[in-house]
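Each remark here refers to the structure printed beneath this line.
The values are calculated or read from the model by the stated rules, or taken from the named source; none is laboratory data. Note that the coordinates shown come from a computational prediction; the quantities given were computed from them, not determined experimentally. Here the Cβ positions follow ideal geometry from the backbone for every residue, glycine too, while neighbour counts run over all protein chains shown. When the accessible area is computed, the model is the full protein with side chains, heavy atoms only, and any ligands, DNA or RNA have been set aside. Shrake-Rupley method; radii C 1.70, N 1.55, O 1.52, S 1.80 Å.
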Amino acid sequence: MMSKKVQIKSTLLIGMLLLAAFSRMIPHPMNFAPIGAMGLFGAAYFSRKWLAVLLPLVTLWLSDLVINNLVMAGYYNEFTWFYEGWYWVYGTTALITFTGFFTLRKVEFSSVIGSSLLASAIFFLATNFACWPGNAMYSQDFSGLMACYAAGIPFFQGTLAGNIFYSIVLFGGYELANAKIPFLKSA
């Protein structure tokens, strides 16, 4: 059975992930989203590794359900559980979380920012690679792949800014809570 302290800490962490995920519904620049930051946050603060991977994915999926079926409902013919290519975003988020296990062994400003930069690069490389095979806009050779990556650069700026911003908000918010509620560190 979980202690009261562990329950409070878990509720706070999950609540922060949910708030970050649902902030995607606030109007924002292209790709300015909390996705990478959520994976890093999970890696840094959930002691059970399976929860560190699962909870950012679940909160992302819940916000996707709302976005796809309420906010963007006009783009889909029926209730949408998963959008086309969802596995690339979710797989990349899991990879970012796994990366965070190594880069965030000690949570410091420099490791959080460095991890955010790395998460942005991982997301850019994986998701742009995913849209290249079979895409008629790009030749199916190395030059087509490079053209696909070049076309993704404007989106990378938003990804980078979003990961840094949300990492600062999530990690900073949690550290502030730790300072105000000291037992969180021991929970």
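VAL112 fulfils the conditions (1) of a type in the set (Val, Ile, Thr); (2) open to solvent by 20 Å² or more (accessible area, probe 1.4 Å); (3) modelled with pLDDT of 95 or more except for a single criterion, (2). Of all the listed residues (THR93, THR80, THR127), the sole one being in contact (Cβ under 8 Å) with a residue 12 or more places away in the chain and either on the phi > 0 side of the Ramachandran plot or touching a Pro at 6+ places or on another chain (Cβ under 8 Å) (or both) is THR93. Of all the listed residues (PHE129, PHE46, PHE123), the sole one being of a type in the set (Phe, Trp, Tyr), within 26 Å of PRO154 (Cβ to Cβ) and surrounded by 20 or more Cβ atoms within 10 Å (Cβ to Cβ) is PHE123. Scanning region 143-166 turns up at least one residue that is assigned to a helix (DSSP H, G or I), of a type in the set (Gly, Ala, Ser) and open to solvent by 50 Å² or more (accessible area, probe 1.4 Å). The set of residues in region 79-94 being in contact with a Phe, Trp or Tyr (Cβ under 9 Å, 6 or more places away or on another chain) and in a helix (DSSP H, G or I) consists of TRP86, TRP88, VAL89, TYR90, THR92, THR93.
Residues that are out of contact with any Asp or Glu (no Cβ under 6 Å at 6 or more places or on another chain), at pLDDT 95 or above, over 16 Å from LEU170 (Cβ atoms) and buried (at least 21 other Cβ atoms within 10 Å of the Cβ) do not occur anywhere in region 16-37. Among the residues of region 68-107, those identified as modelled with pLDDT of 95 or more and among the aliphatic types (A, V, I, L, M) are VAL89, ALA94, LEU95, ILE96, LEU104, VAL107. Among the conditions (1) assigned to a helix (DSSP H, G or I); (2) surrounded by fewer than 18 Cβ atoms within 10 Å (Cβ to Cβ); (3) touching a residue at least 24 places away in the same chain (Cβ under 8 Å), the only one that THR11 does not satisfy is (3). Checked against the criterion of being assigned to a helix (DSSP H, G or I), over 20 Å from LEU117 (Cβ atoms), among the small types (Gly, Ala, Ser) and touching a helix residue (DSSP H, G or I) at 6+ places or on another chain (Cβ under 9 Å), region 16-39 has at least one qualifying residue.
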